[in-house]
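Structure first, then comments.
What follows is calculated from the coordinates using simple rules that are stated; it is not laboratory data. Small disclaimer: the values here were computed from a predicted structure and weren't measured. Using ideal geometry, Cβ is built from the backbone for each residue, glycine included, and neighbour counts are taken over all protein chains shown.
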Amino acid sequence: MSAAMSLSTNPVSEGDIRDRLIIGLDVPSVEEARALVGRIGEAGTFYKIGYQLAYAGGFELARELIDQGKKVFLDLKLHDIGNTVEEGARSVARLGATFLTVHAYPQTMRAAVAGKAGSSLKILAVTVLTSYDDNDLIEAGYAPTTAADLVARRAGQARDLGVDGIVCAATEAERVRGIVGPDRLIVTPGIRPAGSDAGDQKRIVTPSEGIRLGANHLVVARPIVRAADPKAAAEAIVREISQTPA
Ligand SMILES: O=C(O)c1cc(=O)[nH]c(=O)n1[C@@H]1O[C@H](COP(=O)(O)O)[C@@H](O)[C@H]1O
């Protein structure tokens, strides 16, 4: 695959098409993550470091990957008092990460936007986790609502607060695009290549559906990380993305 491979038909996805796949490094140690990145090689350009790896030395790996020219998404899903979130976002901005997640609560989003000011870090607001369905929201104490409606409400708040992108299930991406407009990013986990296990995800689609529904980036972990051949799994998803008209 050529490093310069691009998808010029979609203005929000200009650049290397491989960047549209964000590979979740959901593994227990930096050594395993390094080995995985090595196996995936040129097929992976954008990596996500979440709780499991971040709390096991992942910040050092983030620096290493950035130094190698990879993009890094720090998926820390911040949510705390405003001052703490603002200072946390400021520290992540200094690391040189590309994306940082925060939960889509207005105070939290406002603080993160203030913290990253002046840097190239982009804040992504996690609206409703893709492992939640409508019943999970009711169980969590939300007044009868649907995941789709809550995603829409939070996407509107994120837009108004100047957040750079939205994390939602691709099933809501079209509605979110209508709310946030063409320039904000839509990043969708809950992606499952045809025939793969849903695991704990509840609002899932295939890579091609995700792109067709308007996602800028797809987040995929287990279907790549646990594949017998992670490089081939990543390449297959990138191929599917490249063959789907945006
Ligand atoms: O913020 C995220 O990345 C995220 C938000 C969300 O709503 N759902 C979700 O699955 N994620 C993350 O995306 C990844 C999905 O992993 P797999 O289900 O293994 O592909 C995990 O690292 C999750 O932490």
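Residue count for region 91-108, restricted to those that are buried (at least 18 other Cβ atoms within 10 Å of the Cβ) and either among the charged types (D, E, K, R) or assigned to a helix (DSSP H, G or I) (or both): 3. Using the structure shown, decide if Val72 is part of a strand (DSSP E or B), more than 12 Å from the ligand (Cβ to nearest atom) and either under 28 Å from Arg20 (Cβ atoms) or among the hydrophobic types (A, V, I, L, M, F, W, C) (or both). Yes; evaluated as a whole, the condition is true for this residue. Of Lys202, Lys231, all but one fail to be in a loop (DSSP other than H, G, I, E, B), in contact (Cβ under 8 Å) with a residue 60 or more places away in the chain and either within 11 Å of the ligand (Cβ to nearest atom) or on the phi < 0 side of the Ramachandran plot (or both); the exception is Lys202. Applying the set (1) within 15 Å of the ligand (Cβ to nearest atom); (2) buried (at least 24 other Cβ atoms within 10 Å of the Cβ); (3) not β-branched (Val, Ile, Thr) to Ala111 leaves exactly one unmet item: (1). Considering region 133-148, and only residues there that are assigned to a helix (DSSP H, G or I) and surrounded by 15 or more Cβ atoms within 10 Å (Cβ to Cβ), the residue that is nearest to the ligand (Cβ to nearest atom) turns out to be Ala147. Inspection of region 31-40 identifies at least one residue that is within 16 Å of the ligand (Cβ to nearest atom) and over 26 Å from Gln243 (Cα atoms). Considering only residues that are touching a Gly at 6+ places or on another chain (Cβ under 9 Å) and within 16 Å of the ligand (Cβ to nearest atom), which ones fall in region 169-183? Passing the criteria: Ala169, Ala170, Thr171, Ala173, Val176.
Confirm whether Thr130 is part of a loop (DSSP other than H, G, I, E, B) and surrounded by 19 or more Cβ atoms within 10 Å (Cβ to Cβ). When the stated conditions are applied, Thr130 passes them.
Take the residues of region 156-168 that are more than 13 Å from the ligand (Cβ to nearest atom) and under 16 Å from the mean Cα position of the chain (by Cα): which is farthest from Leu100 (Cα to Cα)? First the steps, then the outcome.
Step one: list which residues in region 156-168 are more than 13 Å from the ligand (Cβ to nearest atom), which gives 156-164.
With under 16 Å from the mean Cα position of the chain (by Cα) added as a condition, the list becomes 158, 163-164.
On the way: Ala158: 14, Val163: 11, Asp164: 10 Å.
Here the answer is Ala158.
Scanning region 163-181 finds no residues that are of a type outside the set (Gly, Ala, Ser), part of a loop (DSSP other than H, G, I, E, B) and surrounded by fewer than 18 Cβ atoms within 10 Å (Cβ to Cβ).
Within region 209-227, the only residue that satisfies the criterion of being more than 16 Å from the ligand (Cβ to nearest atom) and either crowded, with 20+ Cβ neighbours inside 10 Å or small (Gly, Ala, Ser) (or both) is Gly214.
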